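Here's the structure we're looking at; comments come further down.
The values are calculated or read from the model by the stated rules, or taken from the named source; none is laboratory data. Predicted model only: the values in this text are computed from it and were never measured. For neighbour counting, all protein chains shown are included, and Cβ atoms are generated from backbone atoms with ideal geometry for every residue, glycine included. Accessible surface is based on the protein model in full, side chains and every heavy atom, while ligands, DNA and RNA are left aside. Shrake-Rupley method; radii C 1.70, N 1.55, O 1.52, S 1.80 Å.
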Amino acid sequence: MPDGSRRDPAYCDHKCRGLASSYRRKAGIPPPLHWQHPALNSDNPALRSAAAHAKQLGETNGWSPSLIRCAMDGLTAVLEDRPPGKPIKLTEVRTRIPRHASSHRVAEVLTDLDLLEDDSALAIRSWIDDRTAALPAGFASDVRAWLLVLLDGDSRAKPRSHTCLYVHFGCVRPLLENWAATRGHLREITATDVTVALSPLRGWQRRNTIAALRSLFRFAKKRGLIFANPTVRLKSEDIQRNLLPMTETEVLAVQRVAITPAQRMIVALAAVHAARATAIRHLTLDDLDLPNRRITIAGHAQRLGELPHQTLLAWLAQRGITWPKTPNRHVLINAKTALGTGPVSAEYLKRHLLRQGVHLERIRGDRVLHEALTVGSDPLHLALVFNLSHTTASRYATIAQNLLDDQI
């Protein structure tokens, strides 16, 4: 064929590479070297060592070749013109790397090499600033200080979870907006204002709002922002839990939804061992003793039931086929956590079960109630079998006793 010409696709059998390899072997010509990322041969020792570590880390954690190359591209963008040994800030990593590179993987490599400086502010702090800035001027600064104390804690209080902050602020914000029409500061809020604001609320909404208001005004009184606490005599009402056994329709609905091996394993652990969602997410391979039919859930060792045993075998078989080289020791993993060592998020269970109509807490409560109805309303038995607190075990025993009394 003339130089520079191309083979007609109609006559190409796509065997050019194989023929070229055969002719090279016959002529004694060594094969060409495999392509390597330029970062592996860079003149910058920091970039060269980071690229080598990224390759090693990717092969260990089961990263795809494209993911390893993208990580090297990101490392090249942030380390190519940087002196060796000088750390790089996380915000700079997120702004300088190419769009196709993963900032999380690049940061993971830099962290292992002690070259990353985390200077990013927590997202919850930005959320606090944005939400409190939209409040009326007389309440914004006090509410912001209150949320920051909940987040960081102080000398006499432990830090609260982010969920607690979201719930507390969501309960307080509509009340503050209504009070702003006639009040200009927290010190002007009276007990009557609080009573009127709580009057239309019922159930858990009222209970959560009372808890949030008491926390806010207790903080304001302690810091000298108000003269009197209008919630000092405010008490939250106990909400009686009305738990009934699951109906046949509910059980069939769960069976129709839980079709994948992961879903069936999660439902089986909740239905047989009354495992909580958090305990299922943090269950590791070291907690399983399949030959001896033993399992440890949240530190509580117990015998593994037949249904969980079968579903665990099915899921572990699929897990091994899908992610054979994952370093993650957690039983439940997905495509994201298979590249690391952390558990799946709570959103994973919500997306695969809760939003499909499967409530794990409902299944778990039905299992405990069934045990109480079967062996008798003995709180001690429930506490030992399911690792429950004495208060929770007593509550389940009371519900079971009421159900048994109604049948007489």
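Points to keep in mind about this one:
- Residue in the stretch 185-207 that is at pLDDT 90 or above, under 34 Å from the mean Cα position of the chain (by Cα) and on the phi > 0 side of the Ramachandran plot present: no
- Any helices (runs of 4 or more DSSP H) falling wholly within the stretch 63-140 and containing at least 1 residues that are within 15 Å of ALA52 (Cα to Cα) and open to solvent by 30 Å² or more (accessible area, probe 1.4 Å): 65-79, 103-112
- Out of ARG206, ARG233, one residue alone is crowded, with 16+ Cβ neighbours inside 10 Å and over 28 Å from TYR348 (Cβ atoms). It is ARG206.
- Filter result for THR195 (in a helix (DSSP H, G or I), farther than 23 Å from ILE128 by Cβ and out of contact with any strand residue (DSSP E or B) (no Cβ under 7 Å at 6 or more places or on another chain)): yes
- Selection count, the stretch 332-389, where residues are over 20 Å from MET265 (Cβ atoms), β-branched (Val, Ile, Thr) and touching a residue at least 24 places away in the same chain (Cβ under 8 Å): 1
- Selection over the stretch 151-168 of residues that are more than 18 Å from LEU213 (Cα to Cα), open to solvent by 70 Å² or more (accessible area, probe 1.4 Å) and not basic (Lys, Arg) gives a count of 2.
- With respect to the conditions (1) at positive phi; (2) modelled with pLDDT under 90; (3) hydrophobic (A, V, I, L, M, F, W, C), ALA274 falls short on a single one, namely (2).
- For the stretch 18-54, a residue qualifies if it is at pLDDT 80 or above, in a loop (DSSP other than H, G, I, E, B) and open to solvent by 40 Å² or more (accessible area, probe 1.4 Å), and the qualifying residues are GLY28, ILE29, PRO30, GLN36, ASP43.
- Options PRO327, PRO308: the member that is assigned to a loop (DSSP other than H, G, I, E, B), under 25 Å from THR284 (Cα atoms) and in contact (Cβ under 8 Å) with a residue 40 or more places away in the chain: PRO327
- Just one residue in the set ALA314, ALA258 is small (Gly, Ala, Ser), open to solvent by less than 40 Å² (accessible area, probe 1.4 Å) and either closer than 24 Å to SER389 by Cβ or touching a residue at least 12 places away in the same chain (Cβ under 8 Å) (or both); that residue is ALA258.
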